[in-house]
Ligand code: FES
Ligand code: MG
C-alpha cells in the first residue's frame, strides 16, 4: 500500500473515521485485484444496463469494453456497475411504471459509489430518460452513451423494422389481409438483431435529444448497435468522461433551459415520439436552474416555428440506418442551426456552435430535408387544451390523418383497457367511422405507468371495411412508433377526476388541431354536475403497499412528466420536523 491513501476518496462511507473508511474501501477493492497505481487516479463509473431480457441492450458488454479502453487511454480507471434494466416488452405492467424506479436506482448508485464521472450506457425507451433524470439529480459529471439502433430486417423482399412495421402488419392481420403463417414469418424479421427500435420511436427520439442536449457528443445517436462506428463512439465516451471529470463539467452546466429548447426543436424536426414530451418535462423538473419553468406551452410554441425535416417512420418513410448513412444528427443540427441556441456548452467542453463549425462539408442525401423544403411545415407535435384537457394533451400531427384534424363526432367510451378488450370487436358496438373512441383510466394514477394503450385499435368491423384511422382520445400514451389521429396524455387524467372521466357514449367531442382545442360539447353546468356526481361515486381507496403504493401516492400528472413529486428539484417536502 502506498504511504498515503489518496484515491477513492470521493463520497466516503462514514464509519465516523474518514481515514479508516478509506483504508477499508481500498482493502475491499483490492480484493478485485487492483494495484495502488490503478486506484490513485480518477474513477469513471460505467452504468451497465445489460440483461438477457433486454435485446435492445444486447451490445452493452462490447460497449463497456470500449468505454473502458477509452478511459484507460485517457489515464483514469473505469469501474462498471449494474443498475436495473428495462425493456419495453419485459417490464410488467409497463416500463413507464418502472422509469422513476430506474431513475432512483441510478441516482442513488451514482451517489453511493466513489466515482468522479459516470458513463450512462443504455438505449431502450425509458432508460435514457431515467438516466438523464438521475444524473441531473446526482449532478456529478456524466455522459450518455446509447446502444444504437438495430438494423432492418426483410420480409417478402420488403425492409421491415420494429416497431412501426409490427403495428402495420398486425393491422393487416386484424383486417384479414394477412394470414397467421405470414404473420409468423414476419415475426422472425421485425427485430433482426440487437439494438433499439430502428424507426423514430421513443428510443431513437431520446438518443437524438440526448445529442441535442449536449450530454452526448455529436454523431453519437445514429450509429447502428452492431457497427464499428458504435464501438468507436463508446471508446470516445470513455475518453470524454475522463475530461469531464477533470474539468468538472456537470449535467447542470450542459442541460440548461437553452439546451432543452434545442432538444424540443429537434423533437419537432425529427417528428419524434410523443413519449419524449413526458420525458422532457420530467427531465426539466429535475433541474433547479430552469427559469422560467419549462412547460407544455414551450413545446407547442417551439413547434410552431420548427418544420419536420427528417424522413423517418412513423412520420416518414425511412429507418435509423438510413439517417445514419445520411450523416445523422450533425447534418440535422447544422440544418437547424438558425433555430438553435449555439452558445450552449456541450459535454466536450466546447459549445454546440464550435462543434458544428468543425463538421466536414455536407454531401447530397435524401433523409434530412433542407429548411426551405420540409416534409411537414411546422408543429409535428401539438399541445391541445380545452374543457376536456384543461392541463393539456398532445397529438402527433405529422403521423395523423389530415382529414381528421378538424373533426366532431359522437364518443364511444371505454372505461378501461379491460372494458375495451371485451367490447371493441363485438358486432353490438355502436360505432361508425365518425365516432370518437375514448379510453378512460389509463393515466399515471389510473393505470400506474400510463400504458401505451392510447392507440385504441380500430374496431374490427370498421377495419374490415377499410377504416384505417379514427379520432382517439385517452389519458395514456402511445408508442413512438405508432401512427394515427390520437390525442394522448389528457391532463388531469380520469382517475383523479379530470373531465375525461365524465364523457359518456354519444356525447359530441370536437377536435380542432389548428385551434389547439379538444372540447366536450356540453354546457358547463352539465359538465360541473357530472364532475360532482363522479366524486360521490368514488369508492374509498385503500392505501397500497410497496412501490406501487409509492407510485400512486406520489406520481404527478403527465404535464409534469409523471415524475414522483419528491424527486423534483423544487420539492419542498411535507411540513414537519426537518432532518
Ligand atoms: Fe427497446 Fe424499442 S423495445 S427500443
Ligand atoms: Mg416504444
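Each reported figure results from applying straightforward, stated rules to the coordinates on display, with no laboratory input. In this text the structure is predicted, and so the values were computed from the model without any measurement. Glycine also receives a Cβ, built like all others from the backbone with ideal geometry; neighbour counts cover every protein chain displayed.
Across the range 408-473, Cα-Cα distances exceeding 19 Å account for 27% of all pairs. The simple Förster model, with R0 at 25 Å and r as the Cβ-Cβ distance, assigns residue 548 and residue 571 a FRET efficiency of 0.75.
For an R0 of 45 angstrom, estimate the FRET efficiency from the Cβ-Cβ distance between residue 366 and residue 419 and round to the nearest 0.05.
The formula returns an efficiency of 0.50 here.
Any number yet on Rg/Rh for the range 115-173, C-alpha, Kirkwood? On the Cα set of the range 115-173, Rg over Rh gives 1.23.
All C-alpha pair distances within the range 295-347, sorted into 10 Å bins from zero, spread as 19, 42, 35, 3 percent across the bins.
Look at the alpha carbon pairs under 8 Å that are at least 6 residues apart: their mean separation over the length of the chain gives a relative contact order of 13 percent.
Extension gain for residue 341-residue 291 works out to 16.4 nm (0.36 nm per residue, less the C-alpha to C-alpha distance). Exposure proxy shown here: for 166, 124, 56, the number of other Cβ atoms within 10 Å sets the order, fewest to most, as 166, 124, 56. A simple spin-label model places the labels of residue 15 and residue 531 6.0 nm from each other, with each point 7 Å out along Cα-to-Cβ. Note on the range 114-225: Kirkwood hydrodynamic radius from all Cα pairs is 15.4 Å, rounded to one decimal. For the chain, find the longest principal axis of its Cα atoms and tell me its angle to the long axis of helix 95-112, 0 to 90°, nearest 10. Helix 95-112 sits roughly 20 degrees off the main axis of the chain.
Once both axes come from the Cα atoms, what is the angle between helix 18-30 and the longest principal axis of the chain, in degrees from 0 to 90, rounded to 10? Orientation of helix 18-30: about 80 degrees from the principal axis. Cα-based values for the range 388-502, radius of gyration first and Dmax second, are 13.1, 37 Å. Computed from the C-beta positions of residue 247 and residue 179 and an R0 of 45 Å, the FRET efficiency is 0.15 to the nearest 0.05. Computed on the Cα atoms alone, the convex hull of the chain gives a volume of 164 cubic angstrom per residue.
The range 519-557 and the range 457-511 have Cα centres spaced 19 Å apart. With the biggest extent put first, the Cα atoms of the range 138-199 measure 54, 21, 14 Å across the principal axes. Rounded to the nearest 500, the 222 nm mean residue ellipticity of the chain from helices alone is -10500 deg cm²/dmol, with -39,500 (n - 2.57) taken per DSSP H run of at least 4 residues. Seen against the Cα atoms of the chain and their longest principal axis, helix 257-269 is set at about 50 degrees. Across all Cα atoms of the range 208-292, the radius of gyration (one decimal) and Dmax (whole number) stand at 14.0, 42 Å. Here the range 194-351 is treated as an ellipsoid with the same Cα gyration tensor; its semi-axes, largest first and in whole Å, are 22, 22, 13.
Can you sort 419, 373, 48 so the residue with the fewest Cβ neighbours within 10 Å comes first?
So the ranking, lowest neighbour count to highest, is 373, 419, 48.
A Cα-only calculation for the range 471-579 places Rg and Dmax at 17.3, 54 Å. Across the range 381-536, Cα pairs under 8 Å and at least six residues apart give a relative contact order of 31 percent.
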